[in-house]
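Remarks on the structure that follows.
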Amino acid sequence: MVQIAVFVSPDAAALARAVAAFGRGSPEVLGPGAVEIALEGDLPALHRAAADAVLGLPVDVAVTPADNRRKRLLIADMDSTIIGCECLDELADFAGLKAQVSEITERAMRGELLFEGALRERVGMLKGLSVDALQSCYDGRVRLNAGARTLVATMAANGARCALVSGGFTFFTSRVAQAAGFHLNRANTLIQAGGLLTGAVGEPILGKEAKLAALREETAALGLTLADALAVGDGANDLAMIEAAGLGVAYRAKPIVAAQAHAKIDHADLTALLYFQGYRASEFVS
């Protein structure tokens, strides 16, 4: 069976070293800092060889079957994936509680705490915070990660459905989805009354299983299979959808996620997800 190894790096010298260390096939340039190599072989064995080739180098790699490379559904986490922060942690800063909330967030993302309970605890700490802090947080703290807009625009232009699915909050996902070009967004709801946060979150909470359910529902609605989907995220609550998707990618992820994903991005920007699917830079949509 034909497999495709894609190497991506912002460092041209490191990329050349990784390809040389891999020592197989004929590299074909996809764009600046990205090459692919088509070859016959066993997928797990080639994945191990590619991982060995990039060891210690600032190079990301994915090895995938040549068939069905271009996915027709993108399902992406938001916090620390499509954007460069954790919105709840940043919102907590407006209440003077960022350190305490961030510590709980980190443990939850590493899989040390159940997501639902950790979310309720953190939201509870924000009881009494003015809802005005939400807009201030979005305006001052939320920024799209490099390549996010190009990733979504390119996949959408090629017929893919793009969904932002977050364990965060609809206040932020609705705005981030619009900024990045996603077709839809799903997230949790912060309960408010009298212009203040009540410290409660709408039930049921969208967590790990809900993200997997979203993947299944969106593929079914489009008449697709899970193999037609690309899922990307960074935390433990993203792991189920990453494992289930045809291509599941860990982005700057916690170890528990990086260890189970089909591929990971630690060095390149989000356009690496396009290269992994065989898109050339000349096909990118800004």
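The values are calculated or read from the model by the stated rules, or taken from the named source; none is laboratory data. Predicted, not measured: the structure shown is a model, and the values here were computed from it. Quick reminder, even Gly has a Cβ in these numbers, built from the backbone with ideal geometry, and neighbours come from all protein chains shown.
So the values come out like this:
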{"quantity": "Hits in region 234-259 (condition: part of a loop (DSSP other than H, G, I, E, B) and either under 18 Å from GLY167 (Cβ atoms) or of a type in the set (Asp, Glu) (or both))", "calculated": "ASP234, GLY235, ALA245, ARG252, ALA253, LYS254"}
{"quantity": "Extreme residue, nearest to PRO204 (Cα to Cα), among residues of region 122-164 that are in contact with an Asp or Glu (Cβ under 7 Å, 6 or more places away or on another chain) and in a strand (DSSP E or B)", "calculated": "ALA163"}
{"quantity": "Selected residue (only one of ALA187, ALA231 is under 21 Å from GLN277 (Cβ atoms), outside any loop (DSSP other than H, G, I, E, B), touching a residue at least 40 places away in the same chain (Cβ under 8 Å) and under 15 Å from the mean Cα position of the chain (by Cα))", "calculated": "ALA231"}
{"quantity": "Residue check, ALA268 at pLDDT 95 or above and in contact with a strand residue (DSSP E or B) (Cβ under 8 Å, 6 or more places away or on another chain)", "calculated": "yes"}
{"quantity": "Filter result for ALA163 (buried (at least 19 other Cβ atoms within 10 Å of the Cβ), within 18 Å of THR81 (Cα to Cα) and touching a His at 6+ places or on another chain (Cβ under 8 Å))", "calculated": "yes"}
{"quantity": "Residue match in region 242-249 (condition: under 21 Å from LEU15 (Cα atoms), under 11 Å from the mean Cα position of the chain (by Cα) and of a type outside the set (Ser, Thr, Tyr))", "calculated": "yes"}
{"quantity": "Hey, ALA177 of a type outside the set (Val, Ile, Thr), assigned to a strand (DSSP E or B) and buried (at least 20 other Cβ atoms within 10 Å of the Cβ) or not", "calculated": "no"}
{"quantity": "Filtered residues of region 21-51 (kept if touching a residue at least 24 places away in the same chain (Cβ under 8 Å) and assigned to a helix (DSSP H, G or I))", "calculated": "ALA21, PHE22, LEU43, LEU46, ALA49, ALA50"}
{"quantity": "Which numbered condition LYS264 fails, given (1) in contact with a Gly (Cβ under 9 Å, 6 or more places away or on another chain); (2) in a strand (DSSP E or B)", "calculated": "(1)"}
{"quantity": "Residue count for region 40-62, restricted to those that are surrounded by fewer than 17 Cβ atoms within 10 Å (Cβ to Cβ) and in contact with a helix residue (DSSP H, G or I) (Cβ under 8 Å, 6 or more places away or on another chain)", "calculated": "2"}
{"quantity": "Selected residue [surrounded by 15 or more Cβ atoms within 10 Å (Cβ to Cβ) and outside any helix (DSSP H, G or I)] from GLY199, GLY223", "calculated": "GLY199"}
{"quantity": "Check on ARG216, surrounded by fewer than 20 Cβ atoms within 10 Å (Cβ to Cβ), charged (D, E, K, R) and closer than 20 Å to VAL142 by Cβ", "calculated": "no"}
{"quantity": "Candidate set from region 202-215 (those that are touching a residue at least 60 places away in the same chain (Cβ under 8 Å) and assigned to a helix (DSSP H, G or I)); member that is nearest to GLU121 (Cα to Cα)", "calculated": "LYS208"}
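Residue-wise test of (1) free of Cβ contacts under 8 Å to residues at least 60 places away in the same chain; (2) crowded, with 21+ Cβ neighbours inside 10 Å; (3) over 29 Å from ASP269 (Cα atoms).
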| residue | (1), (2), (3) |
| --- | --- |
| ALA92 | yes, yes, no |
| THR105 | yes, yes, no |
| ALA108 | no, yes, no |
| GLY117 | yes, no, yes |
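Table: residues versus (1) within 16 Å of the chain's Cα centre (by Cα); (2) of a type in the set (A, V, I, L, M); (3) under 30 Å from GLU218 (Cα atoms).
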residue: LEU55; (1), (2), (3): no, yes, no
residue: THR64; (1), (2), (3): no, no, yes
residue: ILE83; (1), (2), (3): yes, yes, yes
residue: GLU86; (1), (2), (3): yes, no, yes
residue: GLN100; (1), (2), (3): no, no, no
residue: ARG107; (1), (2), (3): no, no, yes
residue: LEU113; (1), (2), (3): no, yes, yes
